[in-house]
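Report on the structure given below.
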C-alpha cells in the first residue's frame, strides 16, 4: 500500500470499529473486464448492511483507470467509489465519486 492507501485503510478500520463496515480487504478482488483486461480495486468493502463496494483510492486519474472503473461498474453488481484525500484547507477527509 502507498501512503494514501494506508491512510484510507485506517479510515476503513475506524468504520469497521463503529459498525458501518463489516469487512474490507486491500486488493481483495480481481475483476475480468475483457480478454486479458482486468481491474483490481484498491479495496473490496462489505458494509454492515451487506452491500458490497469497490473503493479506488486516487491521488489523480489516468484515462485508462477511469475507463476501467466505469466498465466494471457496468459489468458487476457492486457499488464502485473513487476516493481522494482532501487537504486540510479544503476541509480534510475524503472526497467521494460514485460510479453506477
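Those residues that are surrounded by fewer than 17 Cβ atoms within 10 Å (Cβ to Cβ) and touching a helix residue (DSSP H, G or I) at 6+ places or on another chain (Cβ under 6 Å), I need them from region 32-54; list them, please.
Within region 32-54, just 33 meets the criteria.
Please go through region 12-57 and give me each residue that is outside any strand (DSSP E or B) and within 12 Å of the chain's Cα centre (by Cα), ordered by number. Give the derivation first.
Going residue by residue through region 12-57, those that are outside any strand (DSSP E or B) are 12-20, 27-30, 35-36, 40-42, 48-51.
12, 27, 28, 29, 40, 41, 42, listed by residue number.
For residues that are in contact (Cβ under 8 Å) with a residue 24 or more places away in the chain and exposed (fewer than 15 other Cβ atoms within 10 Å of the Cβ), tally how many sit in region 61-71. Break it down stepwise before answering.
Initial filter on region 61-71 (in contact (Cβ under 8 Å) with a residue 24 or more places away in the chain): 68-71.
Still in the list and also exposed (fewer than 15 other Cβ atoms within 10 Å of the Cβ): 70.
Summing the residues that are in contact (Cβ under 8 Å) with a residue 24 or more places away in the chain and exposed (fewer than 15 other Cβ atoms within 10 Å of the Cβ) in region 61-71 gives 1.
Can you tell me which residues in region 77-100 are within 19 Å of residue 3 (Cα to Cα) and either part of a loop (DSSP other than H, G, I, E, B) or without any contact (Cβ under 8 Å) to a residue 24 or more places away in the chain (or both)?
86, 87, 88, 92, 93, 95, 96
Out of 5, 74, which single residue is at negative phi, more than 12 Å from the chain's Cα centre (by Cα), in a helix (DSSP H, G or I) and surrounded by 10 or more Cβ atoms within 10 Å (Cβ to Cβ)?
Numbers: 5 fails: more than 12 Å from the chain's Cα centre (by Cα).
Result of the check over 5, 74: 74.
Each reported figure results from applying straightforward, stated rules to the coordinates on display, with no laboratory input. All figures in this text were calculated on a predicted structure; none of them were measured in a lab. Because the Cβ atoms are built from the backbone with ideal geometry, glycine has one as well, and the counts that use them run over all protein chains shown.
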